[in-house]
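Working notes for the structure below.
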Amino acid sequence: SSSSSSSSSWDQDGQKIDSCVVKLATSDDALAIDSNQTFRLTVSSDPYPNCLVEADNMYGAYYGLVTLSQLCDTSNTTAPSILEARIRDEPRFAFRGFLLDTARHFLPVSYIKRVLDVLALHRYNVLHWHVVDSESFPLQSQAFPDLAEKGAFSPDAVYKTEDLVDVVQYASRRGITVMPEFDVPGHGSWGKGYPSLMGCKDVLDPTNPEVYTFLLTFLKEMLEIFPSEYIFLGGDEVDTSCWLKNPEIAEWLQQHDMTDAELFDYFWQNVTSEVIPGLEGRKVGVWQSNKLDIKPTLLPEGSFGNVWQDPKMMGPVIDGGMPVVLSGTYYLDQDNSATAAGPCKAYAWQQTWKCMYQEEPFDQLTQEQWSSLIGLETTMWGEGVNRFDFEARVWAKAAAVAERMWSNQNVNDVAEAQVRLDRHICRLNLMGVHAGPIIPGFCSSDVDGEAW
């Protein structure tokens, strides 16, 4: 084992905690979504060590230190205190994701790092980076420079290769895997730089062999930057009828006795046979809506479906042979979750965290299917959000869902959670995070003019 210590000056029952010892079972720092994240934390009045974190690896230890910070009572800023505790903890779900949309509104690298800092405090371990979409392509490709040169909002609104590497490394040091999304065949601005790839507006041409060569070359370049075990390829909201309006594609379909819906399957068959084998064993994530958009049999083993509309679709996706991540009930840009009904519909905007907190994903599954739900994901779609309103919209609800992602299934009492969340928002405000309130009340930072 290895250990380290850090200085502190918290008082606990008259005892001074001047160090915290961290013991690791292994020095392995390889980051994996399903790595052992268990930790043990002891804060006691014993002479030494009166603060001890034990974990299998550095990432579990990090979560132990995050928990230590939550035990600190900073309501009295002149005499902060810390609670005595003996805690053993581990996450309920291995995959605890947060989707960040930088295609609709560009976010500077410095702001993405700020987001990562707060995600780490809430034990999120996957940043699902929705980096490009139909509106813009703000990502530099050395192989295809026109993607950003002609697809970004501005020459200044482009993530250069060194920016991408910087974000990935910054996230990794906080136990967060960056999973990039490059949506195909729709939801893409590929055609802004390379129009010959498109079959119709915003949708690639599956009948063009160059499309698959292009995707393989581009994705292999991205794999050098993003070491994530998953790469997300989207696949949602494709208006296949638009292919019928392209005379060349319509003729191709007639020659091959194929419908536009079958052409969609044909695209994914080719992606699986011609593109994915060149991606060095990476697994694939795709969207699944209120129907089985992409048949699991069309994708390689190990792929997962992110269910973004109807949670009831988790069962059919799992039965089709594909594990799932649920995001549909955790849309942070909406007033209420996708399944909100009855009283939830009447909540004011700042109260919608309750709807999300009460969602129990296992209620949509049989017990035999539980193990195929690998995690949950909150999503911050960027159509109406930029860095100036981001934090007030995100952190109360994202914090509430984070507790359900990490804690046991039976930790679900809304009234108790409200007390914790209200205090936690004050803690975030003291740290300079502009999380919005959930109930009327007071934080000490409310009278601190320097906070802004």
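The values are calculated or read from the model by the stated rules, or taken from the named source; none is laboratory data. Just so it is clear, the model here is predicted, and its values are computed rather than measured. We place every Cβ from the backbone using ideal geometry, glycine too, and count neighbours over all the protein chains shown.
I need a count of the residues in the range 392-434 that are over 18 Å from the mean Cα position of the chain (by Cα) and in a loop (DSSP other than H, G, I, E, B).
10
Take Phe388 and decide whether it is outside the structural domain of His122 (by TED's automatic domain parsing) and without any contact (Cβ under 8 Å) to a residue 12 or more places away in the chain.
Taking the combined requirement at face value, the residue does not satisfy it.
For the range 257-287, give me each residue that is of a type in the set (Lys, Arg) and outside any strand (DSSP E or B).
Matches in the range 257-287: Arg282 only.
Against the definition (among the hydrophobic types (A, V, I, L, M, F, W, C) and over 27 Å from Lys312 (Cβ atoms)), how does Ile294 come out, yes or no?
No; evaluated as a whole, the condition is false for this residue.
State all residues of the range 299-324 that are of a type in the set (A, V, I, L, M) and either part of a loop (DSSP other than H, G, I, E, B) or in contact with a His (Cβ under 8 Å, 6 or more places away or on another chain) (or both); if no residue qualifies, say none.
Scanning the range 299-324 gives Leu299, Met322.
Pick from Arg114, Arg96: which is out of contact with any Phe, Trp or Tyr (no Cβ under 8 Å at 6 or more places or on another chain), outside any loop (DSSP other than H, G, I, E, B) and closer than 29 Å to Ser445 by Cβ?
The conditions single out Arg114.
For the range 354-378, give me each residue that is surrounded by 22 or more Cβ atoms within 10 Å (Cβ to Cβ) and among the polar types (S, T, N, Q).
Correct list: Thr378 only.
Identify all residues within the range 126-171 that are under 20 Å from Leu279 (Cβ atoms) and assigned to a helix (DSSP H, G or I); write none if there are none.
Hits for the range 126-171 are Leu147, Thr161, Leu164, Val165, Val168.
Scan the range 205-214 and tell me whether some residue there is closer than 17 Å to Val131 by Cβ and among the hydroxyl-bearing types (Ser, Thr, Tyr).
No, the range 205-214 contains no residue that is closer than 17 Å to Val131 by Cβ and among the hydroxyl-bearing types (Ser, Thr, Tyr).
Regarding Ser45, is this residue closer than 29 Å to Ile225 by Cβ, surrounded by fewer than 18 Cβ atoms within 10 Å (Cβ to Cβ) and without any contact (Cβ under 8 Å) to a residue 40 or more places away in the chain?
no
Checking the condition closer than 30 Å to Asp34 by Cβ, crowded, with 19+ Cβ neighbours inside 10 Å and without any contact (Cβ under 8 Å) to a residue 60 or more places away in the chain, which residue from Asp133, Asp117, Asp101 passes?
Just a single option satisfies the conditions, and that option is Asp133.
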